[in-house]
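Every read-out reported here was derived from the displayed coordinates using simple, explicitly stated rules and does not represent laboratory data. Worth saying up front: this structure is predicted, and the values here are computed from it rather than measured. Here the Cβ positions follow ideal geometry from the backbone for every residue, glycine too, while neighbour counts run over all protein chains shown.
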Amino acid sequence: DKGVLTVNVAAENAANDAIEVILKDGSSVVSTTKGKAGQNIEIAIANAKLWSPDSPFLYDMEVSLIQNGKAVDNVKSYAAMRKVSIKRDKKDIVRMQLNNKDLFQLGPLDQGWWPDGLYTAPTDEALVYDIQKTIDMGYNMIRKHVKVEPARWYTHCDRLGILVWQDMPNGNYEKSPQWQMRQFFDGKELVRSAESEADYRKEWKEIIDYLYSYPSIVTWVPFNEAWGQFKTPEIAKWTKEYDPTRLVNPASGGNHYQGVGDILDIHHYPGPELTLYERQRNVATVLGEYGGIGLPMQGQLWQTDKNWGYVQFKNEKEVTDEYVKYGKELLNLIKVAYSAAVYTPTTDVEGEVNGLITYDRKKINVEEDRIRQINQEIVNSLSK
């Protein structure tokens, strides 16, 4: 809103040295600004070009360390101008906003698994493929599910133009003693050991530090379906205070605390339903997981038996018909509550055959043109 970009440069043994930041729009210099390492350097940008999925504009940035009037170190990077917020619309429904405009966020649950490398993609091109296919199918968001990707994945998201919800990968799979999906949580949470709690806090902070500068990331998700969930109000509050520039989705799928975080995240399989709503506070209601329409495509299976989806069909047309049916149900729910939705999942994963794409990425499990059509109708539903 203020038209200001803030740059903070980390540099060792540079307390007495100057930092020079050059910001460019193509070959044109927007600003040349100097400051100190470890301090916020503010760069005013008049009539800034805003970043969005429709126009993922990135400013080029050069940062130099100056000693005795001479540049002794230099790095090149990029930056973007964009704002993430929530606001009530004319119908008193809390909406997610990008750059002060209502935007329905729709994307797949992306688990980032690969048959030849498990959590490691075979090539940089493979990282791009999944993102580009997601965009081609008409989505504007990806929920990166219980995994942190290598830096290049987020750079591709920035450049290609897609929003990202980033999960915290919870190593402690043990759930809270109670699992409440259709009411606000009034039970007892998991009590972690002091060592386990310290590990969580350390690693969550490191993830946020690592990913802080990527403009595509718009939401932090500390907990999913009560896996290792503990001290939810405290963790959500810390996350928001540590990074107030993004939304906090404190408990994806259940064990929701009333009055905590920016988002109330409901999971419902296979089709969309609205099972809980909070009217009193500015909280965006989202369908954090739905779908899971299965297609065991012969010749593309990780294993020939024990394959599953939340529901299963025989061919791409049947899967697409069901997907479109869910999409139309979602459009009705958007009118009364939902501000975002996450379809499960991007690809098949070993015995889980409910992806949009097969595990080996050789086949598409849906009719892409029809998927794109309904997705675009959903994405554009709030701009009409």
Cα convex hull of the chain: how many Å³ per residue? 157
Per the helix-only model, the chain has a calculated mean residue ellipticity at 222 nm (DSSP H runs of ≥4, -39500 (n - 2.57) each, divided over all residues, rounded to the nearest 500) of -7000 deg cm²/dmol
Taking only Cα atoms of segment 330-384, the Rg to Rh ratio with Kirkwood Rh works out at 1.07
Would you mind pulling out the separation of the Cα centroids of segment 204-251 and segment 296-320, in Å? 34
Residues with amide H under 5 Å from that of S31, placed H, sequence gap 5 or more: L23
Beyond 23 Å between alpha-carbons counts as too far, so tell me which of K2/K70; K34/K240; K144/K240; K101/K335; K2/K147 fall in that bin. K2/K70; K34/K240; K2/K147
Give me the compactness ratio for segment 274-353, meaning the Cα radius of gyration over 2.2 N^0.38 Å. 1.34
Relative to the longest principal axis of the chain, what angle (0 to 90°, nearest 10) does the C-alpha long axis of helix 316-334 take? 70
Would you kindly calculate the translational diffusion coefficient of segment 52-150, applying Stokes-Einstein with the Kirkwood radius from alpha carbon pairs, for 25 °C and a viscosity of 0.890 mPa s, and quote it in µm² s⁻¹ without decimals? 143
Ordered by residue, what ³J(HN,Hα) values in Hz, to whole numbers, does segment 201-207 give under the Karplus form 6.51 cos²θ - 1.76 cosθ + 1.60, where θ = phi - 60° and Gly and Pro are x? 4, 5, 6, 5, 4, 5, 5
Semi-axes in Å, largest first, for segment 233-379 (Cα gyration tensor, √(5λ)) are 32, 18, 13
Fully extended contour minus Cα-Cα distance, from N332 to R159, at 0.36 nm per residue: 59.0 nm
List, largest first, the extents of the alpha carbons of segment 254-312 along their principal axes, each in whole Å. 51, 17, 14
Surface/4 of the Cα convex hull for segment 205-288, nm²: 5.9
Only loop residues by DSSP count here, and only those with at most 11 other Cβ atoms within 10 Å; note down the trypsin sites (Lys or Arg not before Pro) in segment 132-228 that meet that. R182, K188
Protection proxy (average C-beta count within 10 Å per residue), highest first, orders 85-92, 123-130 as 123-130, 85-92
Find the eigenvalues of the gyration tensor of the Cα atoms of segment 137-255, then list the square roots of 5 times those eigenvalues as equivalent ellipsoid semi-axes, largest first, in whole angstrom. 26, 16, 12
Can you give the Rg to Rh ratio of segment 1-92, both from alpha-carbon atoms, with Rh computed by the Kirkwood formula? 1.08
At 0.692 mPa s and 37 °C, Stokes diffusion of segment 104-161 via Kirkwood alpha-carbon radius, µm² per second: 281
